[in-house]
Amino acid sequence: MTAAAMPEPTTRVRELSRSECVDALRSHSLGRVALSVDALPVILPVNYIFDGSGAVFRTRSGSVLDRNCRNTVVAFEVDEFNPATRVGWSVLVVGVASALFGGDWLRALELGLPSAGAPDGAIFVKIVPGSVTGRAIEATPASTAVSR
């Protein structure tokens, strides 16, 4: 069968459980923080670690993330998608982002969180989830595919 004659893969969307969402958050290290800067939406990539109670990332003092993640509601997204199979997933966390200080800062430092843009002694920010939702795009087994 030629590529032109091959049928399109059939997929379905499934809601992920909270446990599946947390597993996905723990399994990755690159996410996106969505926040408002001067009343406009901004989405920035960050290296992060999900420490069990939230997503922790580093940033430079005075950066956009530092200035706009101080006890502020933000969105945080992690995803994975395979264009060849058209399957993947996305997890969205909405929660409060806060800079860490004192013992919380020291615990964040011990996480060994890499950051290309934040030097040692940087600001650590933690997003504590208020809501965690996710969706998976999954291949539909051939036996349940609807004929066209």
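The figures follow:
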{"item": "Total residues in region 28-49, condition open to solvent by 20 Å² or more (accessible area, probe 1.4 Å) and of a type in the set (Phe, Trp, Tyr)", "result": "0"}
{"item": "Given (1) touching a residue at least 40 places away in the same chain (Cβ under 8 Å); (2) under 18 Å from residue 138 (Cβ atoms); (3) assigned to a strand (DSSP E or B), number of the condition residue 79 does not satisfy", "result": "(1)"}
{"item": "Filter result (more than 20 Å from residue 108 (Cα to Cα) and part of a loop (DSSP other than H, G, I, E, B)) within region 10-49", "result": "10, 16, 17, 38, 39"}
{"item": "Subset of region 52-76 [in a loop (DSSP other than H, G, I, E, B), in contact with a strand residue (DSSP E or B) (Cβ under 8 Å, 6 or more places away or on another chain) and of a type outside the set (Ser, Thr, Tyr)]", "result": "54, 60, 69, 70, 71"}
{"item": "Identity of the residue in region 112-136, open to solvent by 60 Å² or more (accessible area, probe 1.4 Å) and at pLDDT 90 or above, that ends up farthest from residue 54 (Cα to Cα)", "result": "135"}
{"item": "Unmet requirement for residue 89, which otherwise passes all of (1) open to solvent by 60 Å² or more (accessible area, probe 1.4 Å); (2) hydrophobic (A, V, I, L, M, F, W, C); (3) modelled with pLDDT of 90 or more", "result": "(1)"}
{"item": "Sole exception among (1) closer than 19 Å to residue 134 by Cα; (2) at pLDDT below 95 for residue 22, by number", "result": "(2)"}
{"item": "Filter result (within 21 Å of residue 107 (Cα to Cα) and open to solvent by less than 50 Å² (accessible area, probe 1.4 Å)) within region 50-75", "result": "50, 52, 54, 55, 56, 57, 58, 59, 65, 66, 69"}
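The values are calculated or read from the model by the stated rules, or taken from the named source; none is laboratory data. Since we're looking at a predicted model, the values are computed, not measured. Positions of Cβ are generated from backbone atoms using ideal geometry, with glycine treated the same way; all protein chains shown enter the neighbour counts. All accessible areas refer to the heavy atoms of the entire protein, side chains included, with ligands and DNA or RNA removed. Shrake-Rupley method; radii C 1.70, N 1.55, O 1.52, S 1.80 Å.
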